[in-house]
């Protein structure tokens, strides 16, 4: 488990693997405890003590997103709280606030909270850069990038070329899933959140509705600033609140009027339409299924990726080449497996490393115009290559490559040795895309 600290001070983590996830849980609990306020007169004081203790824990997570989630999550609770507020309760609330402020001073958390506001913070700057790319990623992949693939897709095709930070997600649960889903699920996701807000919207004197709404708002806001909603534990409390709301509405027969259900639909339509409009710019990229196309038109070259040969930042490498070569007037197709290759008629196909499993390419390889092979660990017969027959063949081996197939390839095609290079070929776009 990662050891999270800030200026040498442990950032509280309740075994969730990330202080931001802990902060999200704490904030939801801080909202939910006010259900106790409806249990006679002493319920308020129990809730206040729990609220204060949880607040100190929230400060100890040093989570800025958690603080924002707390303020917004408490808004419906405070707005719907019974008035006038008795003097004793106001004094108790003020003492609670000062206790949390004191904890913040003791832990020197104020400096953490002012980062990104008073002075620049790379954590926030990088987040903004990632989030800015999310609409483009949605438009470029109508069917979605696939679950778990958003971070890598961003790094390869959208991250600034002068940055090389690694990301697993888009540092926001909402944007991560919206990018990984296709358009239908994107619409349903936004609709579901809007429908939950409608169901929990305070429409009577019950304390349950504003507290449930506040819990979901706190959860949603926390998930906006970090990838916290991936933890199944965090869904337990808001789901329980939603179930309680539905049960209460069934029992009391109080439901939002039918006309109000147009609001979640309209919200989903407008938000999805906004992403579509904002995302139509930048380098032409299209991802569908398992094929990625960089550039406009039909690709003349298809590349089967192998990260051992092309590097973990193959997208960066290709975009750098693309940016400096003003003669690029044709698209390039990228796949991760030869099984995903389309028809190769009169096209160039690039194979590398371990990219060919067995006999997969024996059938289509002969229809290609050119075959380029970089540091192959497979043998010519595995793809049906025969000397002086079939497509034009270029084989490139690094001077220090450890491939056992070098001699076999030297017998069937043009062999090019790459001085000073091992298995990793940093100039693979120059070798493959400039070949006629």
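What follows draws every value from the coordinates through simple rules; no lab data is involved. Computed from a prediction, not measured in an experiment: that's the story for all the values here. Neighbour counts are summed over all protein chains in view; Cβ atoms, including those assigned to glycine, are modelled from backbone coordinates with ideal geometry.
Summary table
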{"item": "Residue 291-residue 266 FRET efficiency (beta carbon distance; Förster radius 41 Å; 0.05 resolution)", "result": "0.75"}
{"item": "Separation in nanometres of the label points that stand 7 Å from Cα toward Cβ, at residue 235 and residue 49", "result": "3.5"}
{"item": "Pair-distance profile P(r), taking every C-alpha pair of segment 229-319, with 5 angstrom steps and integer %", "result": "2, 8, 9, 11, 12, 11, 10, 9, 8, 7, 6, 4, 1"}
{"item": "Rounded to 5, percent antiparallel among DSSP beta bridges of segment 285-433", "result": "25"}
{"item": "Difference of contour (0.36 nm per residue) and Cα-Cα distance, residue 343 to residue 75", "result": "90.7 nm"}
{"item": "Part-to-part distance (alpha-carbon centres) for segment 136-207 and segment 55-96, which is given in Å", "result": "29"}
{"item": "Choice from 253, 186, 417 with maximal GNM fluctuation in the chain (Cα, 10 Å cutoff)", "result": "253"}
{"item": "Gaussian network model of the chain, springs between alpha carbon atoms under 10 Å - residue of 335, 247, 350 with greatest fluctuation", "result": "247"}
{"item": "q = 0.09, 0.11, 0.19 Å⁻¹: log10 I(q)/I(0) that the Debye formula gives for segment 220-371, counting C-alpha atoms only", "result": "-0.56, -0.71, -1.22"}
{"item": "Normalised per residue, the volume of the convex hull around the Cα set of segment 285-433 (Å³)", "result": "105"}
{"item": "Extended-chain gain in nm, criterion 0.36 nm per residue less alpha-carbon gap, residue 400 and residue 192", "result": "69.4 nm"}
{"item": "Label-point separation in nm, residue 415 to residue 168, each point 7 Å along Cα→Cβ", "result": "4.4"}
{"item": "Helix-only mean residue ellipticity at 222 nm for the chain, each DSSP H run of n ≥ 4 adding -39500 (n - 2.57), per residue, nearest 500", "result": "-15000 deg cm²/dmol"}
{"item": "Separation of the residue 323 and residue 247 label points, Cα + 7 Å toward Cβ, nm", "result": "5.6"}
{"item": "Least to most buried among 425, 332 (fewest other Cβ within 10 Å first)", "result": "332, 425"}
{"item": "Relative contact order of the chain, defined on C-alpha pairs under 8 angstrom at six or more residues apart (%)", "result": "13"}
{"item": "Computed over the chain, Kirkwood Rh from alpha-carbon pairs, angstrom", "result": "25.4"}
{"item": "The chain: antiparallel DSSP beta bridges as a percent of all, rounded to 5", "result": "30"}
{"item": "Gaussian network model of the chain, Cα within-10 Å springs - most flexible of 212, 392, 63", "result": "392"}
{"item": "Cα-based shape type of segment 131-215, given that a ≥ b ≥ c are square roots of the gyration tensor eigenvalues and the cut on a/c is 1.5", "result": "prolate"}
